[in-house]
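K.L.:
The structure is given below, and queries will be raised subsequently.
The values are calculated or read from the model by the stated rules, or taken from the named source; none is laboratory data. All values derive from a computational prediction rather than experimental measurement. Note that we place each Cβ from the backbone using ideal geometry, even for glycine, and neighbour counts take in every protein chain shown. Surface areas here come from the heavy atoms of the whole protein model, side chains and all, with no ligands, DNA or RNA. Shrake-Rupley method; radii C 1.70, N 1.55, O 1.52, S 1.80 Å.
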Amino acid sequence: MIYSSLASKYAVALYNVSKRNGKTEKYKNLLQNLADIYEPLSTYLNNQALKPERRVQVILEVMGTLGIEVDEVFQKFMYILIANKRIKYIKQIVSFFEYTILDESGLIPVNLTSATSLSAEEEALLSEFVNKYTGRKPVFKVNIDEELLAGVIIEFAGKTFDVSLKGRLNNIARNVLIKRKG
């Protein structure tokens, strides 16, 4: 996806600068703040009739009101996003930035959707599975979805493993439909 490619380039560029300046955690937080501010101000921030400098100034004013300090490097980053019409990809940039931090640490982000809360033993088993598969320690982002009925869906490294009851029932239904058509 072209958007992912663009977002990753901006995220990696900012990550490299943040690493060199020792401000990785600060920029991670600033990116998240920018994403949060973008939501209600998206129409204004994407308005090409307004100069990029003015749009950056509005973000700085909002951040200042919230007690968030922004250094010159991050201000320039925001300007580049706005001037290049990339501010709309801020959520993807945040995700790629966080992924890059984990990747550099030998970790892998894993989206884990479960029908119920997992026990420590279940989480350890899933952690072992991901570690065997990738050679990296997983960092789980857990979502509860009661519609799964039972089981889990694990997503990492572009792969999805659906071992939920809902997923299995859907597979059975698909197979029955295919056999009927054939």
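K.L.:
Please pick out the residue among SER42, SER18, SER4 that is within 14 Å of the chain's Cα centre (by Cα), of a type in the set (S, T, N, Q) and on the phi < 0 side of the Ramachandran plot.
P.N.:
Numbers: SER42 fails: within 14 Å of the chain's Cα centre (by Cα); SER18 fails: within 14 Å of the chain's Cα centre (by Cα).
Every option except SER4 fails the conditions.
K.L.:
Which residues, taken from segment 107-155, are within 25 Å of ASN16 (Cα to Cα) and either out of contact with any strand residue (DSSP E or B) (no Cβ under 7 Å at 6 or more places or on another chain) or of a type in the set (D, E, K, R) (or both)?
P.N.:
GLY135, ARG136, LYS137, LYS141
K.L.:
Any residue at all in segment 130-139 that's over 20 Å from the mean Cα position of the chain (by Cα), buried (at least 18 other Cβ atoms within 10 Å of the Cβ) and more than 27 Å from LEU14 (Cβ to Cβ)?
P.N.:
no
K.L.:
If a residue must be modelled with pLDDT under 85 and touching a Leu at 6+ places or on another chain (Cβ under 7 Å), how many such residues does segment 87-111 contain?
P.N.:
Result for segment 87-111: 2.
K.L.:
Okay, moving on. Would you pick out the residues in segment 150-182 that are touching a helix residue (DSSP H, G or I) at 6+ places or on another chain (Cβ under 7 Å), open to solvent by 60 Å² or more (accessible area, probe 1.4 Å) and either acidic (Asp, Glu) or at pLDDT below 70 (or both)?
P.N.:
LEU165, LYS166
K.L.:
Next question. Output the number of the condition that GLU128 fails; it satisfies all remaining conditions of (1) farther than 30 Å from GLY106 by Cα; (2) at pLDDT 85 or above.
P.N.:
(1)
K.L.:
Pick from segment 97-118 the residues that are more than 11 Å from the chain's Cα centre (by Cα), among the hydrophobic types (A, V, I, L, M, F, W, C) and assigned to a helix (DSSP H, G or I): which of them is surrounded by the fewest Cβ atoms within 10 Å (Cβ to Cβ)?
P.N.:
LEU102
K.L.:
Restricting the first residue to segment 124-137 and requiring it to be within 24 Å of THR100 (Cβ to Cβ) and among the small types (Gly, Ala, Ser), which pairs with a second residue that is modelled with pLDDT of 85 or more and open to solvent by 60 Å² or more (accessible area, probe 1.4 Å) meet a Cβ separation below 9 Å and a spacing of at least six or different chains?
P.N.:
Every condition considered, the pairs that remain are SER127/LYS137.
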